[in-house]
1. With L158, L146, L139, L100 as the choices, which residue is open to solvent by less than 70 Å² (accessible area, probe 1.4 Å), under 26 Å from E82 (Cα atoms), under 14 Å from the mean Cα position of the chain (by Cα) and away from the ligand (no atom under 14 Å from the Cβ)?
2. Do any strands (runs of 3 or more DSSP E) lying entirely in the stretch 1-59 carry at least 1 residues that are touching a strand residue (DSSP E or B) at 6+ places or on another chain (Cβ under 7 Å), of a type in the set (D, E) and over 23 Å from E230 (Cα atoms), and which ones are they?
3. Please find, among G35, G54, G46, the residue that is open to solvent by less than 20 Å² (accessible area, probe 1.4 Å) and out of contact with any His (no Cβ under 9 Å at 6 or more places or on another chain).
4. In the stretch 65-89, which residues are within 16 Å of the ligand (Cβ to nearest atom) and of a type in the set (A, V, I, L, M, F, W, C)?
5. Of the numbered conditions (1) touching an Asp or Glu at 6+ places or on another chain (Cβ under 9 Å); (2) in a loop (DSSP other than H, G, I, E, B); (3) free of Cβ contacts under 8 Å to residues at least 40 places away in the same chain, R167 fails exactly one; give the number of that condition.
6. Can you find a residue that is open to solvent by less than 20 Å² (accessible area, probe 1.4 Å) and away from the ligand (no atom under 14 Å from the Cβ) anywhere in the stretch 57-64?
Amino acid sequence: MGADLVIVHLYPDLLRTYGDRGNVLALQRRAEWRGFRVDVVAVSRGERVPRGAGVVLLGGGTDRVQEALGPDLRDRGPELAEAVGEGTVVLGVCGGYQFLGNLYVSADGVSTEGLGLIEAETRAGKGRLVGRVGATAELWGNRFDLVGFENHGGRTTLGPGARPLARVRMGGGNNGLDGSEGAVRGSVVGTYLHGPVFPLNPQFADGILKRALSPVTGGDDLQSLDDGPEERAHEHARTLHR
Ligand code: GLN
């Protein structure tokens, strides 16, 4: 029997700073706890993203790794655009988020063409934005509190076709200037929050899962889980300062 949900972890061998694999595990477990069958597929350079994936996750990476991925990304754009057209949810974190946009210019001045899934550009700025982030997110009609950790030199500017995922009350977010954090365009979502982000933010995880599972659930709400430990971890993170 096929899986209800295929989670594609894109470049798990390269984009993996700050425990981004924890995002894959959190989505997998939260779907399995509700009785869904989940397959996790690792896709790296030169490999294809399987058709029918519910969600594709890209983690963070150093500038050096991002430069090395440049050639592979050029072929990846059309494949992912097609998946998004078929309803696949794509989530990029930090370096992976920068890649969802049109362009990334590193601190060394090297330009890497992005996947073009979100109208955004990122250029390295002076110094890095490092520390805890607290924000209020709005994703597909749901508002929730978002906490995590950021560490990036890139400053992201959104174009009119993308809207921020969240507004920060603490931390730098997209560029340290306009209070925006992350981006959303249709089923494509980007965030600077590492941590990994999903274990601390079950509402964010479930928003992504609900949409990724909609081909099997018809878009129904997901059964609620006992999120006591996750909520305590979230509340604790809220009390910490940069
Ligand atoms: N290299 C990117 C930057 O510093 C992304 C870093 C990351 O993924 N943590 O902006």
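1. Values: L158 fails: under 14 Å from the mean Cα position of the chain (by Cα); L146 fails: under 26 Å from E82 (Cα atoms); L100 fails: away from the ligand (no atom under 14 Å from the Cβ).
Exactly one residue qualifies, and that residue is L139.
2. 38-43
3. Details: G35 fails: open to solvent by less than 20 Å² (accessible area, probe 1.4 Å); G46 fails: open to solvent by less than 20 Å² (accessible area, probe 1.4 Å).
One residue alone meets the criteria, G54.
4. Start the filter on the stretch 65-89 by keeping residues that are within 16 Å of the ligand (Cβ to nearest atom), which leaves 65-70, 73.
Hits for the stretch 65-89 are V65, A68, L69, L73.
5. (2)
6. no
The values are calculated or read from the model by the stated rules, or taken from the named source; none is laboratory data. Model, not experiment: these values are computed from the prediction. Neighbour counts are summed over all protein chains in view; Cβ atoms, including those assigned to glycine, are modelled from backbone coordinates with ideal geometry. Heavy atoms of the whole protein, side chains included, go into the accessibility calculation; ligands, DNA and RNA do not. Shrake-Rupley method; radii C 1.70, N 1.55, O 1.52, S 1.80 Å.
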